[in-house]
1. Take the alpha carbon atoms of the stretch C:278-367, find their radius of gyration, then divide it by 2.2 N^0.38 Å using N residues; give the quotient.
2. Which distance in Å, rounded to a whole number, links the C-alpha centroids of the stretch A:168-185 and the stretch C:127-197?
3. Using the Karplus equation 6.51 cos²θ - 1.76 cosθ + 1.60 (θ = phi - 60°), what ³J(HN,Hα) coupling, rounded to whole Hz, does each residue of the stretch B:304-318 give in order, writing x for Gly and Pro?
4. Using alpha carbons only, how many angstrom separate the centre of the stretch A:77-124 from the centre of the stretch A:326-358?
5. With a Cα-only, solvent-free Debye model of the stretch A:1-58, what are the log10 I(q)/I(0) values at q = 0.18, 0.28 Å⁻¹?
6. What are the ³J(HN,Hα) couplings of the stretch A:327-337, residue after residue, when phi is run through the Karplus curve with 6.51, -1.76, 1.60 and θ = phi - 60°? Round to Hz, x for glycine and proline.
7. Alpha carbons only, please: Rg and Dmax for the stretch A:130-201, in angstrom.
8. May I ask you to derive the FRET efficiency for B:ASP130 and A:VAL177 from their Cβ-Cβ distance with R0 = 30 Å, giving the value to the nearest 0.05?
Amino acid sequence: MASLAPLLREIRHNAVLWFLAVVPVVFVTRMLRPEAHTLLFALSIAALVPLATLLSHATESVAAKTGDAAGGLINATLGNLTELIIALAALQAGQYTLVKASIAGAIVTNTLFMLGASFLIGGLKYHVQDYNRISARLQTSLLFLATIAILAPSIVPDASLAASSTFTHELSVGLSVLLIGTYALGLVFSLKTHRELFGASGHAEAGEAALPLGIALATLGGVTVLVALVSEIFIESVQQAALALGLTPAFVGFIVVALVGGAAEMASAFAGASKDRLDLSVGIALGSASQIALFVAPVLVLLSYAIGPTPMSLLFWPGAVVMMLISTLTAFFTTSSGRSAWFVGVLLLMVYLIFAMTLYLLPPAGQ
Amino acid sequence: MASLAPLLREIRHNAVLWFLAVVPVVFVTRMLRPEAHTLLFALSIAALVPLATLLSHATESVAAKTGDAAGGLINATLGNLTELIIALAALQAGQYTLVKASIAGAIVTNTLFMLGASFLIGGLKYHVQDYNRISARLQTSLLFLATIAILAPSIVPDASLAASSTFTHELSVGLSVLLIGTYALGLVFSLKTHRELFGASGHAEAGEAALPLGIALATLGGVTVLVALVSEIFIESVQQAALALGLTPAFVGFIVVALVGGAAEMASAFAGASKDRLDLSVGIALGSASQIALFVAPVLVLLSYAIGPTPMSLLFWPGAVVMMLISTLTAFFTTSSGRSAWFVGVLLLMVYLIFAMTLYLLPPAGQ
Amino acid sequence: MASLAPLLREIRHNAVLWFLAVVPVVFVTRMLRPEAHTLLFALSIAALVPLATLLSHATESVAAKTGDAAGGLINATLGNLTELIIALAALQAGQYTLVKASIAGAIVTNTLFMLGASFLIGGLKYHVQDYNRISARLQTSLLFLATIAILAPSIVPDASLAASSTFTHELSVGLSVLLIGTYALGLVFSLKTHRELFGASGHAEAGEAALPLGIALATLGGVTVLVALVSEIFIESVQQAALALGLTPAFVGFIVVALVGGAAEMASAFAGASKDRLDLSVGIALGSASQIALFVAPVLVLLSYAIGPTPMSLLFWPGAVVMMLISTLTAFFTTSSGRSAWFVGVLLLMVYLIFAMTLYLLPPAGQ
């Protein structure tokens, strides 16, 4: 099959993809030793990273082949497919705390760790780097809006009323619709009416050589199924493994799941930074964060009515709201100048370290 | 009476003013059917909108005739006369929750709805619009200061002490004096020592043809009395009507009263935006918000010692503080570039919609 | 002794230093009337101000003589020596509330009062003043990071877990190490890798004539001992004096101690502003605040394990966190343009007045 050649070449040249060999190992281990939670947890992480990389590459290839407008739309909706599939697996299992921790964690990880490491990697090679600040401002504004949506229940005059379940669920559906609508209008703004403000850099440029459309579509379909199957095993094992490793559930959801889900984007963002193409890195980091906040999270809320055991609300525990608010403000402040040096990366990473350390040190007995 | 001609011409050309015919209907209905709260509520709104428009026009005419410095001062103190009169009626009735909801609502409505709709209206006609960002920054800084003043009780080391009534009232009077003083110094800064930074655009330019001074002063006096009388009926009926319509008191105070009180300014702001005079729109929206926060609200606190049943404090319920803080930060961020496009308006309106929806969905049993 | 001549000339020319005569009076009074708390409180303040001025001058002289890199480091670590010694005295006495109030107070006083008064003093003489905004941005970013560190415990999913003492102390040590590390990297960034961005203005320029190195070192050593001895008397008397004067402990820690500790820097900052050298004023005010937040405070936490009766945590009461957050955001917003006029100073001072008034009016019975 000559047409598979580009896919195989891709796998041969990208060391991360060698880990695809772990995928069958996960399934075999799951059948033979279903109670080996910590092992399954480690294996499923090792399998998800190369699958996410392949999925990301397939999405970009499809986007690159379908022209600008459709391509932009595909990237904008499927760019966080791995995160979406993992969250869907947790949603079906009714693990809403994990779903929310992974959403909040993805936003925090993208705006602080991915962006900060990009600035640091770029800054260690180049004295000062510039990027399109209008684009960064659009994404941080969207993130700010999503944070306000999550803060909404705190504005009611009488907190006891806000606890009403009907109110919470009506509000969550309403807010989800508003966020998806704003996300759609934001795409119209950046891809259509004011595209000249946002430069030429997009996700699609990251891929060196796009796969042919047929291969890309087949890869997209096949890998999606694999990610879904591995995610289920990951979700099953994560809680037990966390206990065994002495990690708090909040740390696992916030830090581990978010790093696993975003591994593919991080590779692209860091590569962009080290090639002095910081527009690409900032676009991936902030674009991915705003996509999760304004598209993935609200879609999960709406889907919970169809596939979840009970409806899921859009409300997070106060600490998650504080983290998202701080991350958004930090990203807003650090990107408002459109200029970066290594210390800007250090500052972002320090905020991330403060969060990670706090969640790591927390006594694991709770929650 | 030839001298009344400009006033009559004004009324003939402005469709809103035809609703002045509702004014006598309100008074007659109040006498014949004092218990028809919902009807009186609707009629008093229909009467307040044209009265506010006329009042605003009369204020501007007086300001235009009295020269720059005095005119600026008149606009700065009487620009929100309608809001002030409505709030005074609620103050005399001892309805402090409604007074505070309408103050907070006016600030939120002006910074999010009026500003956002102006950006959207302008942005749908013009690709990108510029305005004086120094002026916007002054107003948002003043708003930020007022929000900090309202946050003051949250800084005390021991929350139980902050609940002391003496402390609350001494603090409220002190903060009110500070805010009015800052507002006065802000006028000196923008109208006198650094006026060159703030461009030429002011309220007075909004009126196409100013009324002669005599007519304007007579209108100002007469309409003020009418607004006061209608406001009393409005305040009497609003609570009952809200119950009958299934609206929460918070929604009525925050959204309905604020939209009614600001109708006249909105008309001017939207007209400015559609004529590519965004300086005017931003000036009206943010100037009006900061005037309410730093002048109207503290004046009401001080007046409550003279005309209210008990002194009113400057402290708001936490949700109102959160809304004012978010509105101020949103306005600060979106106006810091001095440049606008339609999507900036969408973002501001979405924040407003999040607030309005949350208050609307709240179960009405409470408070 | 000819070599003492510059020090004596310095004392003769600087009126503040005449108050050095109060120093022996403090020690004599302490021996003769140890129970005269209010008198000792007043005398120790009168002695600390000239000592702090001398200490600051000696530090700058040493820095000026040792070359750029070492000098920058000396200024960066010993610039707040007076605050550090006073806090150490309180730490040894186990008065952790006072230590924390004076840390938070120093940050708030420097960012609001010192910066605001500099802008006002400069603005009354010059129409508009410019300064290096990159430098201001670095310092406010560091302050923002420190505030996030102090906010860290609020991000945990389960507040009851955060109350655990082990967690609090492990987290405090971890955060302290992170902050000191970031501070050190910030020095590398501003003094070494990107020094060209930060202009030429530094602390050392403030002194008109540096003392010879030998005299400066001897002064540094001798005055440090004197400050330590007077600080002990100050800390002993402050609580009783506050009660006698009807001041709340929060007001004393936040306002009085902070103003005393920062008197020397304020003199330099105000002198810079009135000579149109606003870079110097902004550098002293914000540099000093970030030094206290990222160096003095974490060092005190780590030292408390060695010299305090029990370990001190890095956690502040919520009101102090709110004040530090507001101060940081206010400084960030007002310095983001790199341009100032008198009203900017008024705004900063008003925020300070709001805080001071709130703490002053608080009923003194509590805490």
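1. 1.34
2. The stretch A:168-185 and the stretch C:127-197 have Cα centres spaced 35 Å from each other.
3. Result, rounded to whole Hz: 4, 5, 8, 10, x, x, 9, x, 9, 8, 8, 8, 10, 5, x.
4. The stretch A:77-124 and the stretch A:326-358 have Cα centres separated by 17 Å.
5. So the normalised log intensities work out to -0.65, -1.07.
6. Those phi angles translate into 4, 5, 4, 4, 4, 4, 5, 6, 9, 5, 8 Hz.
7. For the stretch A:130-201, the Cα radius of gyration and maximum Cα-Cα distance read 16.3, 50 Å.
8. Once the sixth-power term is evaluated, E becomes 0.35.
The values are calculated or read from the model by the stated rules, or taken from the named source; none is laboratory data. Only a predicted model underlies this, so the values are computations on that prediction, with no experimental measurement involved. So basically every Cβ, Gly included, is an ideal-geometry build from the backbone, and we count neighbours across all protein chains shown. These area figures cover heavy atoms from the full protein model, side chains too; ligands, DNA and RNA do not enter into them. Shrake-Rupley method; radii C 1.70, N 1.55, O 1.52, S 1.80 Å.
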